Amino acid sequence: MCPLKVQMVSPSDAEELLEIYRPYVAKTAISFEYTVPSVSEFQGRICHTLERFPYLKAVDEGKILGYAYASPFKERAAYSWAVETSIYVAQEKRRAGVGTALYRVLEEILARQHVTNVNACIVYPHPESIAFHERHGYRMVAHFTKCGYKLGAWHDMVWMEKLLALHPEKPQPVIPITQLDVSNLLDD
């Protein structure tokens, strides 16, 4: 077995990523999406994310086992230093270190971009995801009651947060991923 590799996603990975994402949409409230996106829609999402932020995949023996990315926490300029993280791991590969490998690289890249706050939005209850985020230094910061309706039931949502850096009086601008060399953090 080859060691797990973390690489940047490309739009051509969309179909394989969708196979990981599909059960989260179709069978759970982990994603609040009702319908699995098309390959072309997912490719558009990948391209949009890669304009500003990292979009990573974990690969073993040529197969994608999971993916993680960052997106704006909010669109207004004052929120530039805060992002929302998302992570999805193939059902059969959960608890195998895939998420940890992805978050390790994702957070390092985000820190190099000058991001200070990473936030995770999690359906509640979801003890597995909450424990995963706690192990990676996140703490609970908000709980919203019955704010999402999916699969015939109302679901709570929580936000967890991790601070990647101190908050300087005058922060440096966030560097778009397109202008940052992160090759030393990624595997070929």
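The values are calculated or read from the model by the stated rules, or taken from the named source; none is laboratory data. Remember, predicted model here, so these are calculated numbers, not experimental data. With ideal geometry, Cβ positions are generated from the backbone for all residues, glycine too; neighbour counts draw on all protein chains shown. Note: areas computed on protein heavy atoms with side chains; ligands, DNA, RNA excluded. Shrake-Rupley method; radii C 1.70, N 1.55, O 1.52, S 1.80 Å.
The table that follows gives values for the structure above.
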item	result
Test result for ILE64, closer than 27 Å to HIS155 by Cβ and hydrophobic (A, V, I, L, M, F, W, C)	no
All positions within the stretch 79-114 that are touching a helix residue (DSSP H, G or I) at 6+ places or on another chain (Cβ under 9 Å) and among the β-branched types (Val, Ile, Thr)	VAL83, THR85, ILE87, VAL89, THR100, VAL105, ILE109
GLU33 farther than 26 Å from GLU128 by Cα and either out of contact with any Ser or Thr (no Cβ under 6 Å at 6 or more places or on another chain) or modelled with pLDDT of 95 or more (or both)	no
Scope the stretch 52-94; condition free of Cβ contacts under 8 Å to residues at least 24 places away in the same chain and part of a loop (DSSP other than H, G, I, E, B); matching residues	GLY62, LYS74, GLU75, ARG76
Top-ranked residue of the stretch 14-31 - restricted to ones that are open to solvent by 20 Å² or more (accessible area, probe 1.4 Å) and either in a helix (DSSP H, G or I) or in contact with a Pro (Cβ under 8 Å, 6 or more places away or on another chain) (or both), ranked as farthest from PHE53 (Cα to Cα)	LYS27
Residue in the stretch 32-51 that is surrounded by the fewest Cβ atoms within 10 Å (Cβ to Cβ), counting only those that are free of Cβ contacts under 8 Å to residues at least 12 places away in the same chain and outside any helix (DSSP H, G or I)	THR35
Evaluation of LYS57 against (1) among the basic types (Lys, Arg); (2) under 25 Å from SER129 (Cα atoms); (3) open to solvent by 70 Å² or more (accessible area, probe 1.4 Å) (one fails), failing number	(3)
Tabulated pairs, the stretch 121-141, first at positive phi, second at pLDDT 95 or above, C-beta under 9 angstrom, 6+ apart or interchain	GLY137/GLU107; GLY137/LYS162; GLY137/LEU163
Those strands (runs of 3 or more DSSP E) lying entirely in the stretch 115-188 with at least 3 residues in contact with a Gly (Cβ under 7 Å, 6 or more places away or on another chain) and open to solvent by less than 70 Å² (accessible area, probe 1.4 Å)	153-163
